[in-house]
Amino acid sequence: MIIFSSPSSLQSKPLFSYNVASYCPTLKYSFFSRKQISCCHSSRPSCSLEQNSEQNDSKVLQEEKTLRRMMLVMFVTSSSFPTLHSYGKTKTKNPYDERRLLEQNKRIQRENNAPDDFPSFIREGFDVKVVASDNYIKRDSGLIYRDFEVGQGDCPKDGQQVIFQYIGYNESGRRIDSTYIQGAPAKIRMGTKALVPGFEEGIRDMKPGGKRRIIIPPELGPPVGPSTFFSAKQFEVFDVELLNIKDCQRRTIGFYSDVVCD
């Protein structure tokens, strides 16, 4: 069994580190260290400090206000920073939950009559694990496939027409589309962007007579939205049988032009 996944983890590191004493060195002094100095001997002349008592009082008040503001800033920042340390923490994954989700996925697939060796999809938030047998191969693009029959002949090239049968499934194994039900195989020219990117990549190296299961990730899947058939970014699974490959030529008759494939 192979598990294809692209987990993303954040390391928990402190975003800010500082020393309170170094940040505000003036905090080592008392906020209320105002000195009241007065002359105790009436026989002596008035003290010079008494003459400037009002100025000293105003300076001390200004210092106290400044220190209070700085202390308020320290209280606010110190209460805000600790919440940032837990930003990079991730939830610990429980193996029991993964097994439970895998069993639930298999049960739903059986109810939907999914084909044999159908892959399972375990969703954990935005991360999806694709659980498949060792017969599946994953490419660098994220596409996963398995060949049931290789076929014979040459692979299709851009401009050529491919004729194929397919059955499409969603993640739960429910059939969403099929050319067998439509009663006729599909005919598409390669390189015209008429196919889903992952689908075209999956059949590009197939040979006539080949049978392949293609697992298309959301980044290679169809567009989503109210104007399309697909409503969410999910993995799509297609069983494809390549029947034939034809060469195509452009034909022009008067003002009429089309492409003919023989």
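The values are calculated or read from the model by the stated rules, or taken from the named source; none is laboratory data. Model, not experiment: these values are computed from the prediction. Cβ sites come from the backbone with ideal geometry, for glycine too, and all protein chains shown count toward neighbours. Note: areas computed on protein heavy atoms with side chains; ligands, DNA, RNA excluded. Shrake-Rupley method; radii C 1.70, N 1.55, O 1.52, S 1.80 Å.
Restricting 235, 255, 229, 199 to those that are closer than 24 Å to residue 153 by Cβ and either of a type outside the set (S, T, N, Q) or modelled with pLDDT of 95 or more (or both) reduces the list to 199. What about residue 142, is it surrounded by 12 or more Cβ atoms within 10 Å (Cβ to Cβ), at pLDDT 80 or above and in a strand (DSSP E or B)? In short, no. In the set (1) in a loop (DSSP other than H, G, I, E, B); (2) farther than 26 Å from residue 112 by Cα, the condition left unmet by residue 184 is number (2).
Scanning for something open to solvent by 60 Å² or more (accessible area, probe 1.4 Å), over 14 Å from residue 214 (Cα atoms), free of Cβ contacts under 8 Å to residues at least 12 places away in the same chain and not in a strand (DSSP E or B), does the stretch 151-169 turn up at least one residue? Walk me through how you get there before you give the answer.
Of all residues in the stretch 151-169, those open to solvent by 60 Å² or more (accessible area, probe 1.4 Å) come to 152, 154, 157-158.
Okay, now just the ones that are also over 14 Å from residue 214 (Cα atoms), so 152, 154, 157-158.
Retained after the next criterion (residues that are free of Cβ contacts under 8 Å to residues at least 12 places away in the same chain): none.
Checked the stretch 151-169: no residue is open to solvent by 60 Å² or more (accessible area, probe 1.4 Å), over 14 Å from residue 214 (Cα atoms), free of Cβ contacts under 8 Å to residues at least 12 places away in the same chain and not in a strand (DSSP E or B).
Sub-9 Å Cβ pairs linking a first residue in the stretch 109-124 that is at positive phi to a second residue that is surrounded by fewer than 20 Cβ atoms within 10 Å (Cβ to Cβ) and of a type outside the set (Phe, Trp, Tyr), at least 6 apart or interchain, are 113/174; 113/175; 117/133; 117/135; 117/146, ordered by first then second residue. The C-beta contact set for the stretch 220-246 (first residue assigned to a loop (DSSP other than H, G, I, E, B), second residue at pLDDT below 75 and among the aromatic types (Phe, Trp, Tyr), distance under 6 angstrom, 6+ apart or interchain) comprises 222/230; 224/230. Give the number of residues within the stretch 187-219 that are part of a helix (DSSP H, G or I) and closer than 21 Å to residue 132 by Cα. Counting residues in the stretch 187-219 that are part of a helix (DSSP H, G or I) and closer than 21 Å to residue 132 by Cα gives 7.
Test residue 177 against the stated conditions and say whether it is modelled with pLDDT under 95, of a type in the set (D, E, K, R), open to solvent by 40 Å² or more (accessible area, probe 1.4 Å) and under 33 Å from the mean Cα position of the chain (by Cα). Reasoning before the result, please.
Details: modelled with pLDDT under 95: yes; of a type in the set (D, E, K, R): yes; open to solvent by 40 Å² or more (accessible area, probe 1.4 Å): yes; under 33 Å from the mean Cα position of the chain (by Cα): yes.
When the stated conditions are applied, residue 177 passes them.
Name the single residue, out of those in the stretch 173-227 being polar (S, T, N, Q) and out of contact with any strand residue (DSSP E or B) (no Cβ under 8 Å at 6 or more places or on another chain), that is nearest to residue 261 (Cα to Cα). Step by step, filter the stretch 173-227, then rank; the result is 192.
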